[in-house]
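Quick notes on the structure that follows.
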Amino acid sequence: MIDNPHNGAPLVWLETYGCQMNIADSQLITGVLRRAGYDLAPRPEDADVVLLNTCAIREHAEERVLGRLGNLAQLKQARPGVKIGLLGCMAQHNRAALIAKAPWLDLVAGPDTYRRLPELLGHDGFDPAVDVRLNRAETYGDLAPAHADGVRAYVTAMRGCDKFCAFCVVPYVRGRERSVPPADILREVVELAAQGVKEIVLLGQTVNAYRCGATGFGALLRMVAAVNGIERIRFTSPHPADMTAEVIEAMAAEPKVQPHLHLPVQSGSERILAAMERGYTVGEYLELVARVRAAIPGVALSTDIIVGFHGEAESDFRATIDLIRGVGYDAAFTFKYSVRENTRAFRLGDSVSEADKTRRLEEVIALQESIARARNRALVGYEYPVLVEGPARRGGGQMTGKTPQFKTAFFPANDTVVPGATVAVRVASATSHSLLCTLI
Ligand code: 5AD
Ligand code: SF4
């Protein structure tokens, strides 16, 4: 049992690293532990159980967690009764190295084992409780996550990935692709709507690969759109190769599905895309962009870019720059290539120097900033409906929310500007990351 110095429920402190899927998984974990009688601790120092839900996508993500484990070693030394566990993608990726580095860990548990967490935490013994079995059937569809408060909620539609891009560790740490049954998704969405949630973000590593029996992703979008009270629907991240006519049609036809598409391209070089085993050519990607723009007027596009993949020559990088300029993205997430053990590209090596990666990354970021600034400035004078989220963190009496295109808008507060309301704003000025607006 948990060594619990309090009289009440054992307290758990959970930290989340990485992507939106991990944030959603942490809400699931919180739901599982609450039902098993745990409460959330206000601080790690007060906790009976400290859990890190980790990310393995790049070396930097793992280094952050390893650094944090160093701090937790002190907590464990001061209070040996506290249980410390490492969950998620890193647990799956390098359990042996982790246990060697932190032999005092009490728990190492992969992304498909969260149902068993109460049992694993009950384990007492000298060795840590380890469960890193992947389970190609586990969707957690029947379990209720503890969603955060707010107007937007994230709902997992599918888990895992079958794409095996050469650089990516996700298929190895999250396992095979599987979709949450539509009935489970709808039940969750209906509950969220009843709690006042207005916007649903459907999640999956390749969310538009969603398929459960006869229900594909386009049909799922339409089903969620039919839920009363839900006003906006978004999804992340789709894969270009799964961006079927059915999905584009659902986006175009269903007004609740917002006009924003995150379409990770990774590289603008034909040769590098092939080496990355992305499953599309530059030509096919650009043709898809054209189809999406024709079908969904005013759609905003964002992307992911990796610079410095093994073998990326200066000419390949220039092709990426040309593609970014040609498409004109509204936003881009940019990364230096990080070699990951177990992936197909691991044995290829890491031919681009750190200095070249840094220079290329800086050039991509500077270009994207200037494109985003120009695109946002072109919106000055236009009107948008904004779903109010709450007070802006920067203060000054300003409120914040997103436009349909997922641009961050700031606008003055007044009595009607309450979280969950949709207000009409006009863009007065813009930066590369936000729109300063007046109320209409
Ligand atoms: N190195 C750098 N970036 C990566 N990504 C995935 N794997 C790696 C890697 N090994 C990026 C991709 C993906 C995003 C979530 O993370 O751009 O779309
Ligand atoms: Fe990784 Fe590719 Fe799957 Fe995305 S589609 S999670 S980049 S393997």
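The values are calculated or read from the model by the stated rules, or taken from the named source; none is laboratory data. Everything numeric in this text was worked out from a predicted model, so none of it was measured. Every residue, glycine as well, gets a Cβ built from its backbone with ideal geometry; the counts of neighbours run over all protein chains shown. Side chains included, ligands, DNA and RNA excluded: accessible areas come from the protein's heavy atoms. Shrake-Rupley method; radii C 1.70, N 1.55, O 1.52, S 1.80 Å.
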Bridge orientation stat for the chain from DSSP, antiparallel percent rounded to 5, came to 35
Ordering Arg35, Arg136 by the accessible surface of their heavy atoms, 1.4 Å probe, largest first, yields Arg136, Arg35
Residue separation between Ser353 and Val190 times 0.36 nm, minus their alpha-carbon distance, gives in nm 53.6 nm
Toy charge model, Lys and Arg Cβ at +1, Asp and Glu Cβ at -1: the chain dipole around Cα centroid in debye, rounded to 20, equals 460
Output row, site Thr431, 7 Å Cα→C-beta label point, backbone N cut-off 14 Å, window region 382-403, residues 392-396
Taking a label point 7 Å from the Cα of Glu314 along Cα-to-Cβ, the residues of region 261-277 whose backbone nitrogen sits under 18 Å from it are 269
Taking only protein heavy atoms and a 1.4 Å probe, the highest-to-lowest accessible-area order of Leu134, Leu69 is Leu134, Leu69
Here the FRET efficiency for Thr244 versus Ala413, based on Cβ atoms and R0 = 35 Å and rounded to 0.05, is 0.25
Rounded to whole Å², per residue accessible area for region 124-191 with a 1.4 Å probe reads 43
Using alpha carbon centers only, region 14-75 is separated from region 100-119 by a whole-angstrom value of 11
With all protein chains in place and a 1.4 Å probe, Tyr337 shows an accessible area in Å² (nearest 10) of 10
Over 24 Å (Cα to Cα) among Lys198/Lys402; Lys76/Lys101; Lys357/Lys402; Lys163/Lys256; Lys163/Lys336; Lys163/Lys198 -> Lys357/Lys402; Lys163/Lys256; Lys163/Lys198
With a 1.4 angstrom probe the carbon and sulfur portion of accessible area for region 151-251, in percent, totals 53
If the chain between Arg35 and Leu286 were fully extended at 0.36 nm per residue, the gain over the current Cα-Cα distance would be 85.6 nm
Contact order relative to length for the chain, counting C-alpha pairs under 8 Å separated by 6 or more residues, stands in percent at 10
For Leu436 the rounded accessible area (nearest 10 Å², probe 1.4 Å, non-protein molecules ignored) is 60
Plugging the Cβ-Cβ distance of Glu270 and Glu341 into 1/(1 + (r/R0)^6) at R0 = 30 Å yields, to the nearest 0.05, a FRET efficiency of 0.65
Of the accessible area of region 272-411, computed with a 1.4 Å probe and all protein chains kept, carbon and sulfur make up a percent value of 55
Region 179-212 scanned against label point 7 Å out from Asp142 along Cα→C-beta; backbone N under 16 Å for 180-185, 187-188
Looking only at aspartates and glutamates whose Cα falls under 15 Å of Lys83's and that sit 8 or more positions away or on another chain, we get Asp3, Glu15, Asp39, Glu45, Asp46, Asp48, Asp106, Glu119, Asp124, Asp127
Full extension between Val132 and Arg325 adds, at 0.36 nm per residue less the Cα distance, a length in nm of 65.2 nm
Of the accessible area of region 24-74, computed with a 1.4 Å probe and all protein chains kept, carbon and sulfur make up a percent value of 48
